[in-house]
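The values are calculated or read from the model by the stated rules, or taken from the named source; none is laboratory data. Predicted model, so just to flag it, every value in this text is computed and none were measured. No Cβ is skipped: glycine too gets one built from the backbone with ideal geometry, and neighbour counts run over all protein chains shown. Note: areas computed on protein heavy atoms with side chains; ligands, DNA, RNA excluded. Shrake-Rupley method; radii C 1.70, N 1.55, O 1.52, S 1.80 Å.
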Amino acid sequence: MTAKLTSTPTGAAAAPPQPGPDPKRPGEAVFRGLATGAGILILVILVLVASFLLIQGGPALFADPAKLATQGYGEFVSWVLPFAFGTVWAALLALLIAVPVAIGIALFISHYAPRRLAQPLGYLIDLLAAVPSVVFGLWGSVVLAPAMLPLFTTLNTHLGFIPLFAGQVSGTGRTILTVAVVLATMILPIITSLCREVFLQAPRLHEEAALALGATRWEMIKMAVFPFARPGIIAAVMLGLGRALGETMAVTMVLSGSRNITLELLTSQNPNTIAATIAQNFAEAFGLKTSQLIAAGLVLFLITLAVNSIARWIVSRRAEYSGAN
């Protein structure tokens, strides 16, 4: 009796089995269908939002400049450019303030604070994320803006030769630097919470190995925690940036912006943001002005989409680099 032998061609690898729904476990098929449907629904919603903004803002986007001039409107690009600059500028300033503080707080909670202190502090940070933006706006306009006036005067007196602190100091304190501090306070809990969770997921064996080799706690964090957590930190920062780009009420209540493109932080001639401009003018807008504001919303949508796309690209590149090493 001989056994029948089968062989595969030289150099050809056997194809791996393709995963598929197990008929004995219908829950997998249901979950897969729900997950696929949710992903498709998100894409459909994004397409519908973009289509609405494009259709409703089309009259302002594609209108004849001569017709716009006769109705008292300027070209759309020249009109929206200062607001787009103000949106990005305020968000970047908020990131510069919030990211170092958030990473420091997350490290303190995850690696330095005793358990009895770390848990309540984590709850407080999470609770800060639940505060409505209108409360931050009231705090920024009533409390923070007057309190920052002495700091603005000092910066202008001693560092006025730097373009950022040049110009006539605002008498109300409602400047883009004040808005940046308010936005930094708003995005702080988001970045802190995500960074804390990423730091806690760092491989414990790597940390113990670094400490066993004689590294200090800070050296262990640099060698074992930060390389592992870098994609998560980038994702947290980008999520905070997305929140800062789209914030409306806090900016509207604090900043009385203009249409100037300037880097000065202490003057009243600050560029306004797109979201605040829409909130301040949409109630009284009609006709072509409404289309202009909706088209500005399309610009903000594209800015936010670009930020999130760049974040996903950076995270995926870091993941590929880590996997290759």
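Only one entry in 104, 72 is farther than 29 Å from residue 302 by Cβ and either over 13 Å from the mean Cα position of the chain (by Cα) or at pLDDT below 90 (or both), namely 104.
Number of residues in segment 169-201 that are small (Gly, Ala, Ser), touching a Ser or Thr at 6+ places or on another chain (Cβ under 6 Å) and more than 26 Å from residue 266 (Cα to Cα) equals 0. Here residue 152 clears all of (1) touching a helix residue (DSSP H, G or I) at 6+ places or on another chain (Cβ under 7 Å); (2) surrounded by 20 or more Cβ atoms within 10 Å (Cβ to Cβ) except the condition numbered (1). All conditions in (1) farther than 18 Å from residue 93 by Cβ; (2) at pLDDT below 90 hold for residue 175, with the sole exception of (1). Only a single criterion out of (1) farther than 22 Å from residue 274 by Cβ; (2) surrounded by 13 or more Cβ atoms within 10 Å (Cβ to Cβ) is not satisfied by residue 119, namely (2).
Scanning segment 264-285 for residues that are in a loop (DSSP other than H, G, I, E, B) and either at pLDDT 80 or above or closer than 25 Å to residue 147 by Cβ (or both) returns 264, 265, 266, 267, 268, 269, 270, 272, 273. In segment 155-191, the qualifying residues are those that are within 27 Å of residue 135 (Cβ to Cβ) and open to solvent by 40 Å² or more (accessible area, probe 1.4 Å), and the one that is nearest to the chain's Cα centre (by Cα) is 190. Screening residue 113 on (1) open to solvent by 60 Å² or more (accessible area, probe 1.4 Å); (2) more than 30 Å from residue 259 (Cα to Cα); (3) hydrophobic (A, V, I, L, M, F, W, C) shows it passes everything except condition (1).
Taking each residue of segment 235-247 that is buried (at least 24 other Cβ atoms within 10 Å of the Cβ) and looking for partners that are aromatic (Phe, Trp, Tyr) and assigned to a helix (DSSP H, G or I) with beta-carbon atoms closer than 9 Å, six or more apart or interchain, yields 247/136. The residues of segment 263-286 that are surrounded by fewer than 24 Cβ atoms within 10 Å (Cβ to Cβ) and either free of Cβ contacts under 8 Å to residues at least 60 places away in the same chain or in contact with a His (Cβ under 7 Å, 6 or more places away or on another chain) (or both), listed by number, are 278, 279, 280, 281, 282, 283, 284, 285, 286. Would you confirm, using the coordinates I've provided, whether residue 142 is surrounded by fewer than 18 Cβ atoms within 10 Å (Cβ to Cβ) and modelled with pLDDT of 90 or more? Here the answer is no, as residue 142 does not meet what is asked. If the condition is being open to solvent by 50 Å² or more (accessible area, probe 1.4 Å) and either touching a Lys or Arg at 6+ places or on another chain (Cβ under 9 Å) or among the aliphatic types (A, V, I, L, M) (or both), then segment 210-234 contributes 211, 212, 213, 223, 230.
Taken across segment 223-244, residues that are touching a Pro at 6+ places or on another chain (Cβ under 8 Å), closer than 29 Å to residue 49 by Cβ and hydrophobic (A, V, I, L, M, F, W, C) do not occur at all.
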